[in-house]
Structures are given as structure tokens and as C-alpha cells.
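**Student:** Got a structure for you, written out below as C-alpha cells; questions coming shortly.
The values are calculated or read from the model by the stated rules, or taken from the named source; none is laboratory data. Please read these numbers as outputs of a predicted model, since none were measured by experiment. Cβ coordinates were reconstructed from backbone atoms using ideal geometry, including for glycine residues, and neighbour counts include every protein chain displayed. The accessibility values were calculated without ligands, DNA or RNA, using every heavy atom of the protein model including side chains. Shrake-Rupley method; radii C 1.70, N 1.55, O 1.52, S 1.80 Å.
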Amino acid sequence: MNFSNEQRDAVYEAIHNRRDIRRFLSTPLDETAIKRILLAGHHAPSVGFMQPWDFILVSSDSIKNELAAAADKERRALAIHFAAEGRDSKFLSLKVEGLREAPLTVCITCDPTRGGDHVLGRNSIPETDILSVACAIQNMWLAAYAEGIAMGWVSFYKKADVRRILNIPPHIDPTALLSFGYTDEYPDQPLLEKAGWAKRNSFDSLLHYDTWNNKDGSR
Ligand SMILES: Cc1cc2nc3c(=O)[nH]c(=O)nc-3n(C[C@H](O)[C@H](O)[C@H](O)COP(=O)(O)O)c2cc1C
């Protein structure tokens, strides 16, 4: 662990500039880069080293279309929640997935049974299995950025739909659908911020010193 300043800066550049992408070109992906991205996922930390993930690589157009239809059904069903605030049509105007366009979708799953009944550390906080999968996803996102490949995280779906479409056993959690592809639109701000839907919270407002809500950081 002895990074040069350039190497350190590259890590922060990936962290700060990585974006969630929903528009993709049909250009085929570099398979060796995809393997490196998947391997980056597999090298994520995991509770008790349980490595609860599997990766289903979907490139079939017909299966991608089925996943996109499931996501679209969920997107339309969720619009109702924004109706009271008068934001349903704005919500429906947002593009929330690029499953049809992206050359590759990876369904990353979580097997809560992996590692047996008593995975070290997971007895206290059961959702640490899913948190481990989230670490794998972030590794993949940053690796994809370094490879010049865009990634989008899609969570608009009913798990039962994705289990049926991808033939996933009932005890396995389909944690996320990750779209991969090249893009010619890599924004410098989150797309939801660009669309005026949400903005980044002020960093200072999130800092507490010693105890919750103590805002005085002077020592
Ligand atoms: C758990 C999780 C689920 C997400 N699900 C979706 C999704 O279904 N559709 C979508 O367009 N973006 C999804 N996103 C991406 C977020 O909208 C995005 O990360 C956020 O707007 C900040 O933008 P940035 O990732 O470009 O910084 C998801 C992100 C996370 C972490």
C-alpha cells in the first residue's frame, strides 16, 4: 500500500466522476475488460468472507426485453407514489433503465445460505449479506469507470419477475440488475440532479462530532 500521488488521484477521480448511466451504444463490449470488472466484484469485502454473490451475464435480446418489460411495469406502478406531490408525470419522464440498449446486463445475486447457518459477523446483522453484495457492485462500478465502460444500476423490478425470467431459485435474492455498455453521454453530475429531481446534500450538514447532532467540530 504505497500509492504515488497520481495513483491516489486516479482512485478519487473514479469515485467522484463515476455516474449511473442509462443510455448505451450498441458497440460490443471488450470481453477481457468485462472479466476484469467481474473479478473486481468478486474481490469485494464480504461479511465472514461469505462471498454471497453470483453473476448472471445476460446478453440475449429476448431475455433483456423481458427484463426491460418487468422494469417498465414496476416504473409505471411506482408513479402513483409521486402523484400526491404532483411529481408523477415528472417521474415518468425520467429514464430509469437502459436494459434493452445495453449490450450486457449482469444480474448480481445474493445467496443468504452461503457459508452455513452461522457466518461470522452475520448473526448480529442479517442484512450484511446484501451489504456485501453492494460492496461488490461498487467495486464493479469503479472498475467499469476505469475501463471506460458505463454502468447503470437498475432496481425497478419485482424480484419474483426477475427470478422467473432468469430461472433463479427461490432462496436466492436477485439484488441488482447492472447494465454495461459504452456511451457517448457521460454526465458530470448525477442524472437526477441534472433533471432537477434531487440534489447532493451539503457535506457539512452530515457531520456530527462525538455524538449525534453535535455540530461543533472544534477540539
Ligand atoms: C441501490 C441503488 C439502486 C438504484 N436503482 C436505480 C434504478 O432502478 N434506476 C436508475 O435509473 N438508477 C438507479 N440507481 C442510481 C441512482 O439513481 C444514482 O446512483 C443517483 O442518482 C446518483 O447518481 P450517480 O450514481 O450518477 O452519482 C440506483 C442506485 C443505487 C445505489
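**Student:** Residue 210 versus residue 32, label points 7 Å from Cα toward the beta carbon: distance in nm?
**Tutor:** A separation of 5.6 nm, rounded to one decimal place.
**Student:** Give me log10 I(q)/I(0) at q = 0.13, 0.22 Å⁻¹ for the range 154-219, Debye formula, one equal scatterer per alpha-carbon, no solvent.
**Tutor:** The calculated log intensity ratios at q = 0.13, 0.22 Å⁻¹ are -0.74, -0.94.
**Student:** Mind checking the dipole of the range 164-219: about its Cα centre, +1 per Lys or Arg Cβ, -1 per Asp or Glu Cβ, Debye to the nearest 20?
**Tutor:** Around 160 debye, computed over the range 164-219.
**Student:** In whole percent, how big is the carbon plus sulfur part of the accessible area of the chain, probe 1.4 Å, protein atoms only? Provide the component values of the computation, followed by the final result.
**Tutor:** Details: 7100 of 13060 Å².
Of the solvent-accessible surface of the chain, carbon and sulfur hold 54 percent.
**Student:** Something else about it: Using a 1.4 angstrom probe, figure out how much accessible area the range 19-183 has per residue, in square angstrom, rounded to the nearest whole.
**Tutor:** Numbers: 8090 Å² over 165 residues.
Each residue of the range 19-183 exposes 49 Å² on average to a 1.4 Å probe.
**Student:** Also, quick follow-up: Which of the chymotrypsin sites (Phe, Trp or Tyr not before Pro) found in the range 7-102 are loop residues per DSSP with 12 or fewer other Cβ atoms within 10 Å of their Cβ?
**Tutor:** none
**Student:** On to the next question. Among 170, 52, 138, whose Cα lies farthest out toward the positive end of the dipole of the chain, if unit charges sit on the beta carbon of Lys, Arg (+1) and Asp, Glu (-1)?
**Tutor:** It is 170.
**Student:** So which GluC sites (Glu not before Pro) in the range 141-219 pass both tests, a DSSP loop state and at most 16 other Cβ atoms within 10 Å of the Cβ?
**Tutor:** For GluC sites (Glu not before Pro) across the range 141-219 that sit outside H, G, I, E and B with at most 16 neighbouring Cβ atoms in 10 Å, the list reads 185.
**Student:** Counting other Cβ atoms within 10 Å, which trypsin sites (Lys or Arg not before Pro) in the range 68-124 have at most 15 and lie in a DSSP loop? Don't jump to the answer; show the numbers that get you there.
**Tutor:** Working: sites: 73, 75, 76, 87, 90, 95, 100, 114, 122; in loops: 87, 95, 100, 114, 122.
Filter output for the range 68-124: 87, 95.
**Student:** What does the helix-only formula give at 222 nm for the chain: each DSSP H stretch with n ≥ 4 adding -39500 (n - 2.57), the total divided by the residues, and the result rounded to the nearest 500 deg cm²/dmol? Could you put the intermediate results ahead of the total?
**Tutor:** On the way: 7 runs with 80 residues, N = 219.
Calculated at 222 nm, the ellipticity per residue is -11000 deg cm²/dmol.
**Student:** Next question. Considering only lysines 8 or more places apart in sequence, or on different chains, count the pairs in the range 19-183 whose C-alpha atoms sit under 25 Å apart.
**Tutor:** Going through the range 19-183 pair by pair, I get 12.
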